[in-house]
Structure formats: structure tokens, C-alpha cells
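First comes the structure, then the notes that go with it.
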Amino acid sequence: MRRTSRHGFTLVEVLTTVAIIALLAALILGLTGHAQKQAARKKAESEIAQLESFLGTYRAQYGQVPQTKGAFSAALAEANHPLADLADPWGNPYEYQASSPATYYLWSTGGAAVLDPTLAIGHPPP
């Protein structure tokens with residue numbers, strides 16, 4: 001009997017290679033998704049800090065903070081502030097509520113905070 005030499009891979013080798021590649025892809029995608037969530041949260045925290053800085057300047061100039069979300073948005077637009085649309089990284093609006101002429105609440109309900117309000121970013125009302 002003659003042996004013929006075969007070239008190529010067996011089915012088991014191909015399936016093993018595909019399984020390893022799929023496992024690595026799932027691992028990389030999982031890590032990337034977590035990094036994106038962290039980046040969006042950090043961006044929201046940074047934007048809230050920018051908005052709080054604007055409110056501090058507004059309060060120093062006018063003696064009080066805007067009393068409604070509409071007035072806050074209008075003040076941002078008038079100042080040509082880059083966050084005048086009040087949209088957080090998830091596309092949801094930042095929430096704003098004046099609690100007195102000098103104090104306010106400013107927070108984002110984006111990301112997981114939509115499902116769990118205790119995960120809100122910023123300073124939500126108690």
C-alpha cells in the first residue's frame with residue numbers, strides 16, 4: 001500500500017483555531033466595552049465640572065444661579081458655551097434644578113443611572 005501525503009489542516013485543528021480566535025475576540029471586546037463606559041463616565045464628570053464652573057461665574061455676576069433649566073440653557077447659549085445643548089455623553093440631557101437663589105443640583109442620569117438612580121453622576125437632589 002502506498003501512502004499519499006496530504007497537505008492542509010484537519011477539521012479538529014481548524015475548529016480549535018477558530019475557537020481560540022473567538023475566545024480572544026470576546027475578551028478584547030469585553031475589555032473595550034468597559035473602557036468605553038469608563039471614558040463616558042469620566043467625560044460626564046468633566047463636563048459637569050465645566051458646567052459648575054460656569055454656574056459659579058454666573059452666580060458671581062448676577063448674584064444668583066439660573067432658577068430653571070431653560071434659563072440655565074439660555075445662559076449657556078448666550079455665552080456660546082460648548083455645552084449649551086446640555087447633552088451628556090449618552091445623549092441624555094443633564095438635569096438641573098435650582099434649590100435656592102444661590103444653590104443648585106446638577107447631575108447626569110446617563111448610562112446605568114437610568115436604571116439605578118443611585119449611580120447618578122454629579123450632584124443629584126437628595
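Just so it is clear, none of the values below were taken in a lab; they were calculated from the coordinates. Since this is a predicted model, take the numbers as computed values, not measurements. Cβ placement follows ideal geometry from the backbone for every residue including glycine, while neighbour counts extend to all protein chains displayed.
Figures for the structure shown
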| quantity | calculated |
| --- | --- |
| Full-extension gain in nm, residue 67 to residue 105, via 0.36 nm per residue minus C-alpha separation | 12.6 nm |
| Packing-based exposure ordering (other Cβ within 10 Å, fewest first) of 123, 34, 7 | 7, 34, 123 |
| Modelled FRET efficiency - R0 22 Å, residue 81 with residue 45, Cβ distances, 0.05 increments | 0.80 |
| C-alpha long axis of helix 11-62 to longest principal axis of the chain, angle in ° | 10 |
| Low-density loop positions, chymotrypsin sites (Phe, Trp or Tyr not before Pro), the stretch 2-69 - DSSP coil, at most 12 other Cβ in 10 Å | 9 |
| Long-range amide H partners of residue 121 with built H, under 5 Å | 108, 110 |
| Amide H partners (placed H, <5 Å) of residue 87, local residues excluded | 94 |
| Structure-based [θ]222 nm, the chain - -39500 (n - 2.57) summed over DSSP H runs of at least 4, per residue, nearest 500 | -18000 deg cm²/dmol |
| Residue (of 49, 63, 21) at the positive-pole extreme of the chain, dipole from beta-carbon charges | 21 |
| Structure-derived Kirkwood radius over Cα pairs in Å - corresponding label in [x] 14.2; [y] 15.4; [z] 18.1 | [z] |
